[in-house]
1. Confirm whether Glu351 is surrounded by fewer than 20 Cβ atoms within 10 Å (Cβ to Cβ), of a type in the set (Asp, Glu) and not assigned by the TED database to the domain that holds Ala151.
2. Assuming Gly105 fulfils every condition listed in (1) under 20 Å from Leu40 (Cβ atoms); (2) without any contact (Cβ under 8 Å) to a residue 12 or more places away in the chain apart from one, which condition is it?
3. Just one of Arg102, Arg78 is closer than 18 Å to Pro332 by Cα and basic (Lys, Arg); which is it?
4. Can you find even one residue in the stretch 372-392 that is assigned to a helix (DSSP H, G or I), modelled with pLDDT under 95 and either open to solvent by 20 Å² or more (accessible area, probe 1.4 Å) or over 29 Å from Lys167 (Cβ atoms) (or both)?
5. Given the structure, is Asp172 touching a residue at least 24 places away in the same chain (Cβ under 8 Å), open to solvent by 10 Å² or more (accessible area, probe 1.4 Å) and either in contact with a strand residue (DSSP E or B) (Cβ under 8 Å, 6 or more places away or on another chain) or not assigned by the TED database to the domain that holds Val350 (or both)?
6. Name the one entry in Gln275, Gln271 that is under 21 Å from Ala155 (Cα atoms), open to solvent by 40 Å² or more (accessible area, probe 1.4 Å) and either among the aromatic types (Phe, Trp, Tyr) or touching a residue at least 40 places away in the same chain (Cβ under 8 Å) (or both).
7. Just to check your reading of the model, which residue among Val3, Val36 is among the β-branched types (Val, Ile, Thr) and assigned to a strand (DSSP E or B)?
8. Which of the residues spanning the stretch 40-70 are under 24 Å from His23 (Cβ atoms) and among the basic types (Lys, Arg)?
Amino acid sequence: PRVCVVGSGPAGFYTAQHILKHHGEARVDIYEKLPVPFGLVRFGVAPDHPEVKNVINAFTQTARLERCAYYGNVTVGRDVTVAELRQAYHAVVLSYGAEDNRVLGIPGENLSGVHSAREFVGWYNGLPENRDLKPDLSCETALILGHGNVALDIARILLSPLSLLRKTDITDGSLAALACSKVKRVWLVGRRGPLQVAFTIKELREMINLPGARPVLNPADFAGLETAVKDAPRPRKRLTELMIKTALEKPGEKTMEAQAAAPREWGLKFQRSPQEVLPTADGRRARGIRMALTRLEGLGDSAKAVPTGDVEELECGLVLSSIGYRSLPLDPAVPFDTQRGIIPNSSGRVEGVPGLYCSGWVKRGPTGVIITTMNDSFDTAQSVLEDLRVGTLDVSTSREGFGAMESILRSRGVRPVSFSDWEKIDAAEVARGKAAGKPREKIVDPQEMLRLIGH
């Protein structure tokens, strides 16, 4: 059987890995629109979290298998259609992730100084489409809308001492911009309360222990929460206890001295919903944000934030909205639920299109960490293996796989990038990084990547 996987992030690689491991004869081709593989592991994981990127080693082993091939620099839906792939392969798995972000839908969100978290993360992580972002870091206060791990990542990058960032694979351009940054205060704002935050304890602890930055939490936000979390699941309980402790406890003398001397600060603001980004007098830039104060109806994760009628304005020159990523439809031939931003499926089988599958964020929505995506991809891979076993996928007719694609791509002037091409780019990045005392210096221009491999 010939299987094609669209997207080379964790979902794509885990799907390929599982099929290759449990079917001794399957061949898997992975297509990727960028020349370089690994998706959000390369472009989403924070530069100061190198340990999370270790999954790349396993993905590399998969890509080097004889029955696996990688074709970068091929945009499915533009360079080749899903229908063409379905003719060339017995099964096609769409694992292309979430390439867009959810919008706030409020006045002023298009002002200069307002960015999505996705763009900002892409900028400091070297995602080619965000390389020219040029966020204005000349203001003292930045505001991040959202209480997830991505919001904390951004706050940490904005407030980290340069000496820490210089040792990471953060891009050269963003490091230079951060070196001139005037930002010294970051507010993380959420619509709901402390019991509904989506970040995890590891990220919160990192933030609390960040050198040169002190946490500013309002004790009133945490009054009476000890009893409320008594019976909560352990991760939620520990997370809330850490926030309570940070908000209410008087720090020891040493900590107090360090905090008093800290040049930067960050804080969590709760029960505030953005209403409008306020413009400067010339109407061009963001100067602040107006927020509706909310009260919670219901308990725990299902609590809803309802506006109270009161509003509050906060000054800030940089607004980053971290309210979630969003998948886009890839090809008119593929069913898509625009409401939920996913491909309608059951266990990864795309509804109404036999032989077409999906895995990862485009299958279940943009939530969860790499391990969630791994399990989800194994689930889709199992569906493919099962359909092969019971004969739902007819392998008696041979399919040409990449052989058929190659002539189509050539006729359209598209030159795919192989995995060994990527390894040349990788070696160049690592060499450039070494010269700068970093693990790698990412190349952010796809044209430069292609020149490097002689395309």
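1. It is true that Glu351 is surrounded by fewer than 20 Cβ atoms within 10 Å (Cβ to Cβ), of a type in the set (Asp, Glu) and not assigned by the TED database to the domain that holds Ala151.
2. Exception for Gly105: condition (1).
3. Among Arg102, Arg78, only Arg78 is closer than 18 Å to Pro332 by Cα and basic (Lys, Arg).
4. The answer is yes; a qualifying residue exists.
5. It is true that Asp172 is touching a residue at least 24 places away in the same chain (Cβ under 8 Å), open to solvent by 10 Å² or more (accessible area, probe 1.4 Å) and either in contact with a strand residue (DSSP E or B) (Cβ under 8 Å, 6 or more places away or on another chain) or not assigned by the TED database to the domain that holds Val350 (or both).
6. Result: Gln271 is the single residue among Gln275, Gln271 that is under 21 Å from Ala155 (Cα atoms), open to solvent by 40 Å² or more (accessible area, probe 1.4 Å) and either among the aromatic types (Phe, Trp, Tyr) or touching a residue at least 40 places away in the same chain (Cβ under 8 Å) (or both).
7. Val3
8. Those that are under 24 Å from His23 (Cβ atoms) and among the basic types (Lys, Arg): Arg64, Arg67.
The values are calculated or read from the model by the stated rules, or taken from the named source; none is laboratory data. Computed from a predicted structure; not experimentally measured. A quick note on method: Cβ atoms are made from the backbone with ideal geometry, for glycine too, and the neighbour counts reach across all protein chains shown. These area figures cover heavy atoms from the full protein model, side chains too; ligands, DNA and RNA do not enter into them. Shrake-Rupley method; radii C 1.70, N 1.55, O 1.52, S 1.80 Å.
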